[in-house]
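Below: one structure, written as structure tokens.
The values are calculated or read from the model by the stated rules, or taken from the named source; none is laboratory data. Values in this document were obtained by computation on a predicted structure and should not be read as measured data. Cβ: placed from backbone, ideal geometry, glycine included. Neighbour counts: every protein chain shown. All accessible areas refer to the heavy atoms of the entire protein, side chains included, with ligands and DNA or RNA removed. Shrake-Rupley method; radii C 1.70, N 1.55, O 1.52, S 1.80 Å.
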Amino acid sequence: MNRKFNCVLLIDDDETSNYINKYIINEAGFAENVKIVENGQKALDYLKSNNDSEYLRPNLIFLDMNMPVMNGWEFLEQYKKLEEELQSEMVVVMLTTSLNPDDKANAERNESINHFMNKPLTPEMLQELQNRLN
């Protein structure tokens, strides 16, 4: 790994995926900290809580598409309304099990999404992402 991220935010309602993704990120030495929230609304609440002593500003967000309460697409609509300074410091990667080509095409057209990846996350995917971001 070239650059270690300070904080990665995992937004996914699947507990198993979160466990595996956090493990892979930690094993690869990809990030100092990994925060996990279960849906888009909790992610927005976390991002807006930047005055909280437990808050770490994410450099990278791995975003699932299908979640209860607020899905990935709904999250992105609200994310666009956040302060530009906050958005500019974050990379958003759609990380999903969707094999629907329309989902990938929509992600590629969405200016808030930097990259689209299919689960499960692997060390090789982290390296590829690292290479793209450097």
Exercise for the section: Using only alpha carbon pairs under 8 Å that are at least six residues apart, calculate the relative contact order of region 21-93 and give it in whole percent. Expected result: 32 percent
Fill in the blank from the handout: Taking Ile24, Ile61 and ranking on accessible area (1.4 Å, protein atoms only), highest first, one gets Ile24, Ile61
Fill in the blank from the handout: A correct Kirkwood calculation over the Cα atoms of the chain returns a hydrodynamic radius in Å of 14.8 Å
Fill in the blank from the handout: GNM of the chain, Cα pairs under 10 angstrom: of Tyr55, Tyr79, Tyr46, the biggest fluctuation goes to Tyr55
Exercise for the section: Over 21 Å between C-alpha atoms is what I'm after, so list which of Lys4/Lys42; Lys22/Lys81; Lys48/Lys104; Lys42/Lys80; Lys4/Lys48; Lys4/Lys81 land there. Expected result: Lys4/Lys42; Lys22/Lys81; Lys48/Lys104; Lys4/Lys48; Lys4/Lys81
Exercise for the section: Could you check which residue among Lys35, Lys81, Lys22 shows the biggest mean-square fluctuation in a GNM of the chain with a 10 Å Cα cutoff? Expected result: Lys81
Problem - Relative contact order %, region 1-130, counting alpha carbon pairs below 8 Å whose residues are six or more apart - result: 26 percent
Fill in the blank from the handout: Per GNM of the chain with C-alpha springs under 10 angstrom, the most fluctuating residue out of Gln41, Gln78, Gln87 is Gln78
Completion exercise
PRE zone check, label point 7 Å out along Cα-to-Cβ of Asn50, amide N under 12 Å, scope region 81-118, hits 82-90
Practice task
Express the accessible area of the chain per residue in Å², computed with a 1.4 Å probe while the remaining protein chains stay in the model.
Solution key: 54 Å²
Exercise for the section: Would you calculate, for the chain, the mean residue ellipticity at 222 nm contributed by helices, counting each DSSP H stretch of 4 or more residues as -39,500 (n - 2.57) and dividing by all residues, to the nearest 500? Expected result: -11500 deg cm²/dmol
Exercise for the section: Quote the charge dipole size of region 1-81 about the Cα centre in Debye, to the nearest 20; the model charges only the Cβ of Lys and Arg (+1) and of Asp and Glu (-1). Expected result: 460 debye
Practice task
Sort region 69-134 into rounded, prolate or oblate with this rule: let a ≥ b ≥ c be the square roots of the eigenvalues of the Cα gyration tensor; rounded if a/c is under 1.5, and if a/c is not under 1.5, prolate when a/b is larger than b/c, oblate otherwise.
Solution key: oblate
Problem - Gln78 paired with Asn131, simple spin-label distance in nm, labels 7 Å along Cα-to-beta-carbon - result: 3.6 nm
